[in-house]
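One structure is given here, and the rest of the page talks about it.
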Amino acid sequence: MQFLLYSRINARDIGSALGAPEYSYYFLLAEFRSVFEQLGTVTVIEDALAEADELYAKHRANGQDCVLVAFTAPHNMPRPAACPVIPLFAWEFERIPDEVWGGNPDNDWRNPLARCGRAITLSEHALRAVKAAMGEDFPVLAVPVPIWERMAPAQAMCRGESALTAGIVVDGALLSTRDFVVGADSFHSQRPLSSFTFEVWDGSEQTLDFRLHAPGTGALDGFFPPEPWGAWSRNAEVSVVLPWLLHGDVTIEIVARAYGTNQGRPLLIGIGSEFQVLRIGDRDETHSFTFSLSHPARLLVITGIDVMHPPDGTDQRTLGIGLLGLSVRRAEGTTVPAAPVSLDFCAGSSDGPLLHGFWAPDDWGSWSSAEAPWVMLPRPVTGRVAVEIELCGFGLNAGSRIAVYLGKQTREVVLSSVVEMYHFEFDLAEPAQIFGFIGVRLCPVGEPGDPRLLGIGLRSLLIRPLSDPLGSRQALLRSLAPAHVRHCARLEGVVYTSVLNPCDDRKNWRLLVSAFGMAFADCADATLVLKMTHHSQSSYLFEFHHLLQRMPPFACNIVLIHGFLDSENYRNLIARTDFYVNVSKAEGLCIPIMEFMICGKPAIAPRHTSLCDYLDDANSITVDASVEPCIWPHDEREVLRTLQYRVNPQSVVLALRRSHELLRSEPEAYRRMGDAAMNRMRRYCGFDSVLGRMRAFVGGGERESAVHDRGADSGHEEPAR
């Protein structure tokens, strides 16, 4: 039996497609691939229309059966002329689309399903919805993703004590609500370089748009929600967290308007340590400023705003200035020097502000204060470079191996207890501006009166170009390179985790954040981790900031992880988690909750849609939900045709408090709940169980031959998050 596997998103696109429609089907294909490999020969194809019929004819000529398994929603299913197709899809609503609109007959799923003659879904809920539309005799299989065996390394890690103390390394951004100052007239992050992702700036002109629905609104701090024209300031001091690390002589242009007494008022605008006077009129105006930055910077601040209510009393907002957009570019007539980067980190040096995660410099150099410290280079480097760095290790770091990185590339080194010179070479295909360290262990000084924890010592850093960097930059003219800053998260207290796409309204993350803040308003012993699976942090950042400003004060911690977690760090996150929490309005399967339950983590979730297949009183705490009308996700008419679930916020609050009490006061009951979660998952999503059900439905026998691959990775490790 020959199986052609297809999804609209492939390995080449997935990095930029996270959060986009159908991105999860790429992961489904990867999970089910090993099942189809046991039933026959697998070929992964990227262009179903161009490849399916050709391969079908070839295999039929050799006397072999062949079928295309399309991991996609039925309305997007390819239509080869000859090759039979089996759709494999998730569905979370009460009724499948059964109407034609937009001139596309396939929007009525009954049409593509009838052409195929059979289908595979991921839940009993979806199976019932298909049969309700197609008839009870329509062949449809409900089968979960077979992930039990894949999660064995994570299970083993959860049983080890070291996992409970291991840090979680994130390549991207790590945002904690404890890093924010939130007040009636102020809102800002105390760690903007860690909380928000940024790109290495190559000097080209870049723009941000602050109008309603524009992605640039995620950069705004201290503003009201954007309107079609732009956004009004909320506070006396506001900022724009630029997504680029600016350096050298920079020209910044803003388009702004002022309200009331702020018209003509002398305000201050600045970036880094440089500020200039800004006066704005009552109409949209463009203002241009040139700054000479002694160190790289990304936080544009406007301060001195008169916060006032409109005099007519109809609008209770504190309006000051309005921003429509901004642009940045290299100042005219300036260039970036190609000389080596030479930095000194002894006391008195001007390079001290480039250090992040270090104590104040001493006469000999600087000690690190963090497990993942880093140096912000004054300008990007690219191409082949030589690195000379003076380092030493304190305490346990002496004689131990740590990793150093520049951009995406990593090198390892064993440190001495005294300062020594270390040499590395990097070949950078894209510009890099962060030189960092991973695997540093913090050790107490052990001297009276010195409470510091020290890691590594850094005296100097020299980076010399070994080749012309211009050639390496040609491929990057269309987009800027990510900065690749790596942060180490230490999660404290009772840890609750949810992995979700913030742009999917069904995931209900705003309700979860609000309920968590209410449940643990007076409890510092609780942490909520939201692992965001979207390529753009700006897609949800303003909403999160605005939500924080509207919430009452809370003692708990809410952590947002945006960026790449490799397999080891994703396992660390699972190991450190105590409960997985899901408050979605509907679920087609929810692989993350299954992964955590396999590792013995009880769930807090509603019992609806696909969640009913594996949640019960023994392995989870129930959240109340009731049905409400909703639209089909791909229906641009936005007419109410089906049902989803409205989660009860107070029920979420009570479930969270109950779970905290369970873990702290009844550890044996908590352990039994975790064991029940593992046992349920073993029966539900074990490979042999899924294989047997799939064989009975699609046919095929034992594995026939070697696996073939066209344009897809062949590994079966857990997907990166």
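A few points about this structure:
- Pairs where the first residue, in the range 504-524, is on the phi < 0 side of the Ramachandran plot and assigned to a loop (DSSP other than H, G, I, E, B) and the second is among the aliphatic types (A, V, I, L, M) and surrounded by 18 or more Cβ atoms within 10 Å (Cβ to Cβ), C-beta under 6 Å, 6+ apart: 520/526
- For the range 307-322, filtered to residues that are under 10 Å from residue 233 (Cα atoms) and assigned to a loop (DSSP other than H, G, I, E, B), the residue that is modelled with the highest pLDDT is 320.
- Applying the criterion of being within 27 Å of the chain's Cα centre (by Cα) and aromatic (Phe, Trp, Tyr) to the residues of the range 25-58, the residue that is surrounded by the most Cβ atoms within 10 Å (Cβ to Cβ) is 32.
- Checked against the criterion of being of a type in the set (Asp, Glu) and within 20 Å of residue 650 (Cα to Cα), the candidates 636, 628 yield just one match: 628.
- Those residues of the range 566-576 which are crowded, with 24+ Cβ neighbours inside 10 Å and of a type in the set (S, T, N, Q), in sequence order: 572
- The residue of the range 653-688 that is farthest from residue 557 (Cα to Cα), among those that are among the hydroxyl-bearing types (Ser, Thr, Tyr) and touching a residue at least 60 places away in the same chain (Cβ under 8 Å), is 684.
- Those helices (runs of 4 or more DSSP H) lying entirely in the range 91-178 with at least 2 residues under 23 Å from residue 72 (Cα atoms), among the β-branched types (Val, Ile, Thr) and in contact with a Pro (Cβ under 9 Å, 6 or more places away or on another chain): none
- Some residue of the range 168-186 being more than 26 Å from residue 405 (Cβ to Cβ), crowded, with 20+ Cβ neighbours inside 10 Å and in contact with a Lys or Arg (Cβ under 8 Å, 6 or more places away or on another chain): no
- So residue 281, is it surrounded by fewer than 14 Cβ atoms within 10 Å (Cβ to Cβ) and in contact with a Lys or Arg (Cβ under 6 Å, 6 or more places away or on another chain): no
- Elements of the type strands (runs of 3 or more DSSP E) sitting completely within the range 350-448 and holding at least 1 residues that are buried (at least 19 other Cβ atoms within 10 Å of the Cβ), more than 30 Å from the chain's Cα centre (by Cα) and in contact (Cβ under 8 Å) with a residue 60 or more places away in the chain: these cover 374-393.
- Restricting the range 323-346 to residues that are at pLDDT below 95 and polar (S, T, N, Q), the residue that is nearest to residue 268 (Cα to Cα): 334
- In the range 626-642, the residues that are free of Cβ contacts under 8 Å to residues at least 60 places away in the same chain reach residues that are of a type in the set (D, E, K, R) and not in a loop (DSSP other than H, G, I, E, B) with C-beta atoms within less than 6 angstrom, at least six apart or across chains, in these pairs: 626/646; 628/646.
- Number of residues in the range 281-329 that are among the polar types (S, T, N, Q), without any contact (Cβ under 8 Å) to a residue 12 or more places away in the chain and touching an Asp or Glu at 6+ places or on another chain (Cβ under 8 Å) equals 0.
- Candidates 272, 260, filtered to the one that is surrounded by fewer than 20 Cβ atoms within 10 Å (Cβ to Cβ) and either under 20 Å from residue 218 (Cα atoms) or not acidic (Asp, Glu) (or both): 260
So that you can scan it fast, the table gives a plain yes or no per residue for (1) surrounded by fewer than 20 Cβ atoms within 10 Å (Cβ to Cβ); (2) over 16 Å from residue 71 (Cα atoms); (3) aliphatic (A, V, I, L, M):
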position	(1), (2), (3)
120	no, no, yes
125	no, yes, no
132	yes, yes, yes
138	yes, yes, no
146	no, no, no
154	no, yes, yes
159	yes, yes, no
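- Among residues of the range 606-618 that are under 20 Å from residue 511 (Cβ atoms), those with a Cβ under 8 angstrom from a residue that is small (Gly, Ala, Ser) and outside any loop (DSSP other than H, G, I, E, B), sequence gap 6+ or separate chain, pair up as 606/625; 607/625; 608/625; 610/126; 611/605; 615/603; 615/605.
- Failed condition for residue 657, given (1) within 30 Å of residue 105 (Cβ to Cβ); (2) modelled with pLDDT of 95 or more: (1)
- Scanning the range 655-691 for residues being in a helix (DSSP H, G or I), under 21 Å from residue 610 (Cα atoms) and small (Gly, Ala, Ser) gives a total of 5.
- Identity of the residue in the range 69-90, assigned to a strand (DSSP E or B) and of a type in the set (A, V, I, L, M), that ends up surrounded by the most Cβ atoms within 10 Å (Cβ to Cβ): 70
Condition check ((1) touching a helix residue (DSSP H, G or I) at 6+ places or on another chain (Cβ under 8 Å); (2) at pLDDT 95 or above) across all residues:
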position	(1), (2)
14	yes, no
33	no, yes
46	no, no
66	yes, yes
89	yes, yes
93	yes, yes
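- In the set (1) modelled with pLDDT under 90; (2) part of a loop (DSSP other than H, G, I, E, B); (3) touching a strand residue (DSSP E or B) at 6+ places or on another chain (Cβ under 8 Å), residue 471 fails one condition alone, (2).
- Residues that are of a type in the set (A, V, I, L, M, F, W, C) and surrounded by fewer than 19 Cβ atoms within 10 Å (Cβ to Cβ) within the range 187-213 comprise just one, 212.
The values are calculated or read from the model by the stated rules, or taken from the named source; none is laboratory data. This one's a predicted model, so the numbers in the text were calculated from it and none came from an experiment. Counting neighbours? That spans all protein chains shown, and the Cβs are built from the backbone with ideal geometry, glycine included.
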